[in-house]
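All remarks here apply to the structure that follows.
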Amino acid sequence: MLSLKKSFATLAAAASVAGLLGAAPADAQTINVVMHSDLKILDPIWTTAYIVRNHGYLVWDTLFAMDEKLEVKPQMVDKYDVSADKLTYTFTLRDGLEWHDGKPVTAEDCIASIKRWGAKDSMGQSLLARVAEFTKINDKTFTLKLKEPYGLVLQSLGKPSSNVPFMMPARVAATDPNTQIKAEDVIGSGPFIFKRDEWKPGEKTVYVKNPKYKPRSEPASGLAGGKVVKVDQVVWRVVGDHQTAINALLTGEVDMIESPPHDLLPVVAKDKNVKLFTANPLGSQYTFRFNTLYKPFDNAKIRQAVLYAFNQKDFLQAVIGDPNYYKECKAMFVCGTPLETFKGWEDKLNSNFEKSKALLKEAGYDGTPVVLMQSTDLAVLTNLAPVAKNLLEKGGFKVDLQAMDWQTLVSRRARKDPPDKGGWNAFLTAWVAADILNPVMAGFFNAGCDKAMFGWPCDEKIQKLRDEFASETDPAKQKALAEAVHVRVTEYPTHVHLGQYFAPFALRTSIDGVVRAPVTVFWNMTKK
């Protein structure tokens, strides 16, 4: 990243970047945005990548949604009923729901969409394992019948982030969940329409207002309430260089930067035409993910060594820098939440290199290099991998750092090939806090072998604890089960949490109405 002194000098020049961005639309009702990544994948069920999740919220809609208070509210659903024995849920859709191709949204579409989502998402898998059957009552009504009472039905259908249970047409939802949907099948019922003919990866993605969308009557709150679109179109513009993006914001050629580098925030904040806005007050959590299929991380004791080699502050300082925007936190379910606990981690994440080396010796580590993928185009992630490499090497590991852009990493992490044949051993990413509030919701805790997320951990004890948590309704007992999971992942590590951080948007002061939510959304926004 640029030094602050250099940033001031560069920004003072404020060179025109119109040639790089292309001519900005003259229409005042167009919001031009530089997102955190380019959009190259279109299927939010196939991948958990947040840029694809954000794309999903523009195009598709959900049956339920989480509001600003983290409470689940109906969204596409008009009304629902739960039987006295808590085994049958009946859902009736709102009037006027229509796909972008003009066809009505039906109960059949919703059932097919839930099944496709549930095959990929950890919370969805837990739900579907307890579903006895779905039944279509009529075009707008269907039932979900459980084998046993389950307290997370609505929380699952209102899951706020990756993977989100977006509703798709049944023919699209029939696509194998491990196969990406086609560009021509990006047909939703949401507040924006994806302009496939204007989608140019590496340049721009265009969304136009859906004129037939009927928002709910309630005010927008988090991801719930009325999704009222107040502009004509939103254009995501790809600007690979952070400095160029900042210059474009200061000159008004773009209206918003979703993820500006933290070291430039003081510079941006000094401009009277720009403001900073933190839309996600719970923040996000950095994470180091293991691939448990191959050496060296197929050995749990070798993975344990990583817990001792790492510390959170080095990662947070290298990327975020300003302590006002980060927090060291050993709670895997996030500090400041009902399930906050440090149990099992008290002596870890302290960079005890001698302990790391001792564990490697006990485990018989043979020097197999860790193939560590580094994304180089996301400011909020780029510096993480070099820190990991340094700490791992001090802890006794050999590391092969391989640089690539984020979308290449996203595609590669889904592959099960051996590390020396295009596969991988580890990478670093981030989860928004709303994704990881409990061991069922948090995908990286899924240790269901082939049904687990990329990395494919396989542990019966973790799965049993997650299942017990999902079936438990007593908060005190849920807390105890969450603590048990917290301890178990120190014995069978699935991933390592590396602290919380907070990332504000940088916006022109002409932009207003930004919704506070764990996802970047564009309804309710206005442009003066």
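The values are calculated or read from the model by the stated rules, or taken from the named source; none is laboratory data. Owing to the predicted nature of the structure, the values given are computational and were not obtained by experimental measurement. Glycine gets a Cβ as well: all are built from the backbone with ideal geometry, and neighbour counts include every protein chain shown. Side chains included, ligands, DNA and RNA excluded: accessible areas come from the protein's heavy atoms. Shrake-Rupley method; radii C 1.70, N 1.55, O 1.52, S 1.80 Å.
Distance check, please: which entries in 295/416; 327/479; 230/527; 313/389; 40/195; 343/398 exceed 20 angstrom between their Cα atoms?
Beyond 20 Å between Cα atoms: 327/479; 343/398.
Measuring with a 1.4 Å probe in the full set of protein chains, what accessible area per residue, in whole Å², belongs to the chain?
Result: 38 Å² of accessible area for each residue.
Under the rule that a partner needs its Cβ under 4.7 Å from the first Cβ, which Cys of the chain have none?
110 - these cysteines have no disulfide-compatible partner (Cβ-Cβ under 4.7 Å) in the chain.
How much length, in nm to one decimal, is gained on full extension between residue 464 and residue 342, taken as 0.36 nm per residue of separation minus their Cα-Cα distance?
Taking 0.36 nm per residue and subtracting the Cα distance, the gain is 41.8 nm.
Give the cross-link partners of residue 461 among the aspartates and glutamates, using a straight C-alpha distance below 19 Å as the criterion and excluding same-chain residues fewer than 8 apart.
Qualifying aspartates and glutamates at Cα under 19 Å: 298, 450, 472, 483, 491.
Taking 7 Å along the Cα-to-C-beta vector as the label spot, tell me the residue 71-residue 230 distance in nanometres, rounded to one decimal.
According to this spin-label approximation, the distance is 2.4 nm.
Just to be sure I understand the model, the point goes 7 Å from the Cα along the line to the Cβ. What's the resulting residue 195 to residue 217 distance in nm?
For the pair residue 195/residue 217, the computed spacing is 3.4 nm.
Identify, among 174, 333, 137, the residue whose Cα sits farthest towards the positive end of the charge dipole of the chain, taking +1 on the Cβ of Lys and Arg and -1 on the Cβ of Asp and Glu, with the dipole about the Cα centre.
Working it through, the farthest residue towards the positive pole turns out to be 333.
Rounded if a/c is under 1.5, else prolate if a/b beats b/c, else oblate: with a ≥ b ≥ c from the C-alpha gyration tensor eigenvalues square-rooted, which is the stretch 476-528?
Judged from the Cα gyration tensor, the stretch 476-528 comes out prolate (a/c at least 1.5, a/b above b/c).
For the stretch 78-94, take each phi angle, set θ = phi - 60°, evaluate the Karplus expression 6.51 cos²θ - 1.76 cosθ + 1.60, and give the result in whole Hz per residue in order, putting x for glycine and proline.
3J(HN,Hα) across the stretch 78-94, in whole Hz: 7, 8, 9, 9, 10, 5, 4, 7, 6, 9, 10, 10, 10, 10, 10, 6, 5.
Defining a contact as two alpha carbons under 8 Å apart and six or more residues distant in sequence, what relative contact order in percent does the chain show?
RCO, the chain: 21 percent.
Order of 456-469, 90-103 by packing, highest average Cβ count within 10 Å first?
456-469, 90-103
Given the alpha-carbon gyration tensor of the chain, what are the semi-axes of its equivalent ellipsoid in whole angstrom, ordered largest first, with each equal to the square root of 5 times an eigenvalue?
34, 32, 20
Run the accessible area of the stretch 404-528 with a 1.4 Å probe and give the carbon-and-sulfur part as a rounded percent.
The value for the stretch 404-528 is 50 percent carbon and sulfur by accessible area.
By a straight-distance test (C-alpha under 19 Å), which lysines pair with residue 270 as possible cross-link partners, with residues fewer than eight away in the same chain excluded?
Partners within reach: 5, 6.
Hey, what number do you get for the chain at 222 nm if only DSSP H runs of n ≥ 4 count, each worth -39500 (n - 2.57), divided across all residues, to the nearest 500?
-8000 deg cm²/dmol
Leaving out same-chain residues fewer than 8 places away, which aspartates and glutamates sit with a Cα under 14 Å from that of residue 159?
By straight Cα distance, residue 159 reaches 61, 67, 68, 71, 121, 435.
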